[in-house]
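Written below as structure tokens is the structure these notes are about.
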Amino acid sequence: MKLTELLDYTGQLLQVERFRDYCPNGLQVAGRAEIGTIVSGVSASMALLESAADAGADMVLVHHGYFWKNEEPCVTGIKRARLKFLLERDINLVAYHLPLDAHQELGNNARLARVLDIAIEGWFGEQSIAAYGSLPRPVSLETFGRTVAHSLHREPLIVGNANAEIRRVAWCTGAAQDALEQAVALGVDAFLTGEVSERTVHLARESGVAFIAAGHHATERYGVQSLGEHLANRYGISHRYIEIDNPV
């Protein structure tokens, strides 16, 4: 499978050009021109790169890649070591950030809805990345929190009345705690994201909308896996997701 064809298709599939993002989407580090094996993971850490190389990857596909806005541009230290590792082994690094959050079938928010059995009703927020919907039946916040913990294999931080009834939920994977105010305006019972800020706790308490911080990494495992599988099935190549533990 030619890398250029795969990249052209994926860019169109995720509508990369419509997003204002904090990093480049698509090919970030060029390697070999033919792709037979894709290894996916959440973040392009050295641990993932090493595991991908051991798995015979021609391409590493991630949600969190490199070259973020306002980061130090010099190629030194950890950045140099990661780039050196990829270049010496001729492995491509391909990353999709906001486009992978937003895709309404393969994206992080769409796939998290499947994992938590939430029926999507609509999308909101900047660039329409966040989603809202309803549970199959009303449950207590405590019960929904247990579902989140069991499904994501991580205990969430929950702010709210454990006995409150949860019927409608808004969510946005990753570090979207500042979308809580928009979620409140939607009239939902709970808002779920990956991270929490100190100020968010007060807003949740005062608004009456429960807040659930379920982990940045934990909420963003699913989009890159679904994209990797989609590409593998479309082009008849191999795909493997590798989980690198991250408590955040």
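For this structure, a couple of remarks:
- Rg and Dmax [Cα atoms of the chain; Å; Rg one decimal, Dmax integer]: 18.7, 56
- Shown in residue order for segment 28-45 are the 3J(HN,Hα) couplings computed by the Karplus curve 6.51 cos²θ - 1.76 cosθ + 1.60 at θ = phi - 60°: 10, 9, 7, x, 5, 7, 10, 10, x, 9, 10, 10, 10, x, 6, 10, 7, 6 Hz (x for Gly and Pro).
- Segment 3-97: projected area of the alpha-carbon convex hull, averaged over directions, in nm²: 5.9 nm²
- Here the sum of -39500 (n - 2.57) over DSSP H runs of 4 or more residues, divided by the residues of the chain, equals -10500 deg cm²/dmol at 222 nm, to the nearest 500.
- Candidates per GluC sites (Glu not before Pro) in segment 1-75, loop by DSSP, up to 13 other Cβ within 10 Å: E71
- In sequence order, segment 94-104 has phi-based couplings of 10, 10, 9, 9, 4, x, 7, 5, 8, 4, 7 Hz under the Karplus curve 6.51 cos²θ - 1.76 cosθ + 1.60, θ = phi - 60°, and Gly or Pro positions carry x.
- Taking chymotrypsin sites (Phe, Trp or Tyr not before Pro) across segment 6-64, the ones in a DSSP loop with at most 15 further Cβ atoms lying within 10 angstrom of their Cβ are Y22.
- Bridge type composition, the chain - antiparallel percent by DSSP, nearest 5: 45 percent
- Amide H to amide H distances under 5 Å link V29 with L93, where only residues 5 or more positions off or on other chains count and H is placed in the peptide plane.
- Volume per residue that the Cα convex hull of segment 103-219 spans, once the total is divided by residue count, Å³: 86 Å³
- Of Q225, Y66, G56, farthest towards positive along the dipole that unit charges on Lys, Arg, Asp, Glu beta carbons give the chain: G56
- Exposed trypsin sites (Lys or Arg not before Pro) absent: longest stretch of the chain, with sites in DSSP loops and at most 12 other Cβ within 10 Å deemed exposed: 70-248
- Per-residue ³J(HN,Hα) for segment 240-248, Karplus 6.51 cos²θ - 1.76 cosθ + 1.60, θ = phi - 60°, Hz, x for Gly and Pro: 9, 8, 10, 8, 10, 4, 8, x, 7
- Size of charge dipole - the chain - debye, nearest 20, with Cβ of Lys, Arg +1 and Asp, Glu -1, no other charges: 160 debye
Computed from the coordinates by the stated procedures, all read-outs in this text should not be read as laboratory data. Since this is a predicted model, take the numbers as computed values, not measurements. Note that we place each Cβ from the backbone using ideal geometry, even for glycine, and neighbour counts take in every protein chain shown.
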